[in-house]
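Visitor: The structure follows.
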Amino acid sequence: MSIVQNHMKLTVYTRKPNQDYTESLSNSVHFACSDENNEFQPLNRNYGILFAMATVDENSVIHEKGLKNPYLFRTADSSFGIVAVRVDALGNDDEESRGHILLWTSPDLVTFHHHGLVQLHSELFVKEAVCGLSGSGEEYEIRWQDNGGNFYLSRLSDLMKPDLISPPEQAEAFSVERPDKPLPGTNPGNAISVDSRIGRSVQASWTPVYNTEIRVPDTVSVTSADQLKAVKATAVYSDGSTADKQVAWDDEDIDYTAAGTYTVQGKVVTHEFPFPLVSGYADPVILPWHNKYYFLATNDNVNDIGIYVREADTMSGLFATGHKETVILALNEEKNFIQTFWAPEFHIIGGELYILFAVGGTVWGPQCHMMKLNKGGDILKAADWSTPVRVKRADGAYLAEEGITLDMTYFKADGTSCLVWSYRKGIGTPLDTGSKLYIATINEDNPTVLTSEPVLLSRPLFGWENIQGTINNEGPYPLITKDMVYIAYSGGAATGYTYTVGLLSIPRGSNYLDINAWTKASTPALSYYSTEGIYGPGHNSFFRDYDGNVLMLYHGEEQLVKHGTRCSAMHRVHFNRQGVPVLDVAKERDVHPDYASCSMQVIVLPQNRKN
């Protein structure tokens, strides 16, 4: 007799930092959900979900923050709220946070609204705070403790109006209901009971999607090998989403010239590419062009000097042993193209093929450039490419007179053409701004000149973006669906295991220069916790192959080290039931080996009959 659980428990916690999981990651809100044995299992692979936002001073310098003592509670409308105490980057009392707590609300513990700081006192440091509805249910009671061991009560009638909080009152001590068996290596917060339907929804949303079944038709009727080849499988996933999959059907015994019935075996095409695809190549990009594939990357093997292109008839051919590559832009002292040939990307703009990249001169400092393929030109011939042009603002000035610009990308949606790039000033100095993303519009007939002022799109304010001494928002790349424009970008250490891919999104048809219309995910879409054996995944690109599959390239490392060899990687992009791209469905989670083999009955019809 099975026992049906009517309730489940959810808990929040922070982690204790260790050698591989730093303070920047551990001092964040983590979630866990109880299983059928009433034991907690971490969600999001035990990686943080909510991070405190850093502050920015008058010199545009970022000051990283963390958090401690998260507390989860239900709201008056049966949604959720979370409070926590903000701390500095190392988990100590933070002067900027004196007397304040952080507040989030969420309808489902999947999407969150960050309300920022709520002031409880003007002088005292808050050690821990809890929140819940009063007995009458008409207001929220925030009970908190200061560093001196004193307890207080503050009242708030509306979580959406935290400025209306009441002055603190002396109160009796409170206790926090923590899990009986907290997860190892954690600093436990509280636990709450929820309806099992809600618990399962939260659990499913923060559990990696995986393949659960492969379906093929029981019977098909065909008249040719091409018709059989076109029969696809449907892969079913744990969240209820599906994906069409090509199948390599074994039709060796089929005679298509005569009617007959056969049982045919097949193998699902997995799009599982070995890692590394190729070593020493970062920021990889593939372009399908005129029935061939072309590969670009930052070539670490030659100290990032020059732009090298590979051409092949197939994707796997690009990475075949001994494959040759062609230099289409070499070091040129006369034109001041000397160092940091970084992050080259193919883009079709206004029907013309461009390469967007960064390059520096005698004095170190990469800047965004473009070069265009001449009409009828050959991608592999350097002479068929125009001289690179440095990108300028609408007034004719360069993108930056100070600092560096790099990692430029392009997208066009709803008739609007945009460039997105990374800018950093003061690198290596106390006034380092960190790299941040900007967006501007262009006219596709003259894409090297902006038609709008640059707008700050994102900067590294979360701990996973500002980590291991690296303050990065870089490597933007677009992915456009029928409903949304997504910008994948990278944060963390570009040459280390903490490199990650984050996601920005905006509904199609929006004003793409309106920063408030964009949503920034609070936790990475891809990290070193995502795929076994690939560390520091980041600086990705997307493309659609000739079979219609959306794939992503990125670079990663083979070892859990801070400075390793950057290697190219590739796998399919999955879309969940809501049509949102999921970037970590790879290897056996994409197609499980147990389901890859399939069979069906094939009826061969006479050639003159229609199916």
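Visitor: By its C-alpha gyration tensor, with a ≥ b ≥ c as the square roots of the eigenvalues, how is the range 221-364 shaped: rounded for a/c under 1.5, else prolate for a/b larger than b/c, else oblate? Kindly include the intermediate steps, with their values, before the conclusion.
Guide: Details: a/c = 2.96, a/b = 2.67, b/c = 1.11.
It is prolate, given that a/c is not under 1.5 and a/b is the larger ratio.
Visitor: Something else now. Looking at the square roots a ≥ b ≥ c of the eigenvalues of the Cα gyration tensor of the chain, which shape do they give, rounded for a/c under 1.5, prolate if a/b is larger than b/c, or oblate? If you can, show how the numbers build up before the last one.
Guide: Values: a/c = 2.22, a/b = 1.27, b/c = 1.76.
Judged from the Cα gyration tensor, the chain comes out oblate (a/c at least 1.5, b/c at or above a/b).
Visitor: With point charges of +1 on the Cβ of Lys and Arg and -1 on the Cβ of Asp and Glu, referenced to the Cα centre of the chain, which listed residue (Leu329, Gly502, Gly536) lies farthest in the positive direction of the dipole?
Guide: Positive-most Cα among the choices belongs to Leu329.
Visitor: On to the next question. Starting from the Cα of Ser157, step 7 Å along the direction of its Cβ; do the same at Arg577; then give the gap between the two resulting points in nm.
Guide: My value for the distance between the label points is 4.0 nm.
Visitor: Also, quick follow-up: How far is the Cα center of the range 501-543 from the Cα center of the range 417-480, in Å?
Guide: Between the Cα centre of the range 501-543 and that of the range 417-480, the gap is 13 Å.
Visitor: Now a separate question. Treating the angle as unsigned and between 0 and 90°, give the value, to the nearest 10°, between the Cα long axis of helix 196-205 and the longest Cα principal axis of the chain.
Guide: Rounded to the nearest ten degrees, it is 50.
Visitor: Okay, moving on. Does the range 356-439 come out rounded, prolate or oblate, given a ≥ b ≥ c as the square roots of the eigenvalues of its C-alpha gyration tensor, rounded meaning a/c under 1.5 and, failing that, prolate meaning a/b above b/c? Please report the intermediate quantities before stating the final value.
Guide: Working: a/c = 2.39, a/b = 1.49, b/c = 1.61.
Here the range 356-439 falls in the oblate category.
Visitor: Using a cut-off of 26 Å between alpha-carbon atoms, which lysines can reach Lys267, once sequence neighbours fewer than 8 places away in the same chain are excluded?
Guide: Qualifying lysines at Cα under 26 Å: Lys229, Lys232, Lys245, Lys292, Lys587.
Visitor: Mind checking which lysines have their Cα closer than 16 Å to the Cα of Lys425? Skip sequence neighbours fewer than 8 apart in that chain.
Guide: Lys436
Visitor: Right, here's the next one. Using +1 at the Cβ of each Lys and Arg and -1 at the Cβ of each Asp and Glu in the chain, identify which of Gln339, Val118, Gly428 lies farthest towards the dipole's positive end.
Guide: The Cα lying farthest towards the positive end belongs to Gln339.
Visitor: Can you compute the helix-only [θ] at 222 nm over the chain? Use -39500 (n - 2.57) per DSSP H run of at least 4 residues, normalise by all residues, nearest 500 deg cm²/dmol.
Guide: Values: 4 runs with 23 residues, N = 611.
Using -39500 (n - 2.57) per qualifying helix, the result is -1000 deg cm²/dmol.
Visitor: To the nearest 20 debye, what is the magnitude of the charge dipole of the range 20-79 about its Cα centre, counting +1 on the Cβ of each Lys and Arg and -1 on the Cβ of each Asp and Glu? Walk me through the numbers before you get to the answer.
Guide: Numbers: 4 positive and 9 negative charges, 24 e Å.
Magnitude of the dipole: close to 120 debye.
Where a number appears in this text, it was derived from the coordinates with a stated rule and is not lab data. Remember, it's a predicted structure, so these values are computed and weren't measured experimentally. Backbone-built Cβ (ideal geometry, glycine too); neighbour counts: all protein chains shown.
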